[in-house]
Amino acid sequence: MPRNPALIPLSHDHHDALLVALRLKKGGPSSPHDTLWPIEPTQQLEALLRFAETELYPHFLLEEEILFPASINKSVSIDLLIASLLEDHSAMRASLKMLKTYNPEEVGERMRLFGESLEKHIRREERELFPMIEEQIALGNIILEKEQLLGDKS
């Protein structure tokens, strides 16, 4: 089933974030052709923190201020999953702050672990939350417009 149009902007963000997660897990560029991601760990950390500020944190806010509030109290399953995803958001924010404090020998492994967490979080949203939300949209219990979830991209 194709993604509901209201959720497509978030899915596009997820695609971009999965590429970052892959780079973090690999400890460098995603492929030999990936010239956009640095090789050196301290530069990777700078790239990750820049991504967090410009893409990840605004994405979290769209979910926390628009998607999640529109979706709660529709089913216990959605409510429980949203609570867990909100915990993920908090943990990822804390992890990103902590990354700045690690010594250079530790930062590569910490970024790899962050990449694993980010990927797992995205997969849960795409594979679990979005289908439940789409079901509620189809039932008329959730009303979302694509423009609401475009953020600064509109």
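Beta carbons closer than 6 Å, at least 6 apart along the sequence or on distinct chains, pair a first residue in the stretch 42-69 that is closer than 24 Å to Lys26 by Cα with a second that is charged (D, E, K, R) and part of a helix (DSSP H, G or I) for His59/Asp13.
For the stretch 102-128, the set of residues classified as free of Cβ contacts under 8 Å to residues at least 12 places away in the same chain and among the aromatic types (Phe, Trp, Tyr) consists of Tyr102 only. On the stretch given as the stretch 111-134, residues that are of a type outside the set (A, V, I, L, M) and buried (at least 17 other Cβ atoms within 10 Å of the Cβ) total 8.
Among the candidates Phe51, Phe60, the residue that is touching a His at 6+ places or on another chain (Cβ under 6 Å) and closer than 28 Å to Glu147 by Cβ is uniquely Phe60. Filtered by the rule that a residue be within 15 Å of Glu125 (Cα to Cα) and loosely packed, with under 13 Cβ neighbours inside 10 Å, the stretch 74-83 gives Ser77, Leu80, Ala83.
Table: residues versus (1) closer than 21 Å to Leu45 by Cβ; (2) among the β-branched types (Val, Ile, Thr).
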residue	(1), (2)
Ile66	no, yes
Ile78	no, yes
Arg93	yes, no
Lys97	yes, no
Tyr102	yes, no
Phe114	yes, no
Gly140	no, no
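A residue that is touching a helix residue (DSSP H, G or I) at 6+ places or on another chain (Cβ under 9 Å), aliphatic (A, V, I, L, M), under 16 Å from Ile8 (Cα atoms) and not in a helix (DSSP H, G or I) occurs somewhere in the stretch 121-142. Could you give me the residue pairs with C-beta distances under 6 Å whose first residue belongs to the stretch 129-154 and is small (Gly, Ala, Ser), whose second residue is modelled with pLDDT of 95 or more wherever it lies, and which are 6+ apart or on separate chains? As it stands, the answer is Gly151/Pro58; Gly151/Leu62, since those pairs meet every condition given.
The values are calculated or read from the model by the stated rules, or taken from the named source; none is laboratory data. Everything quoted here is computed from the prediction, not taken from an experiment. Note: ideal-geometry Cβ built from the backbone for every residue, glycine included; neighbour counts use all protein chains shown.
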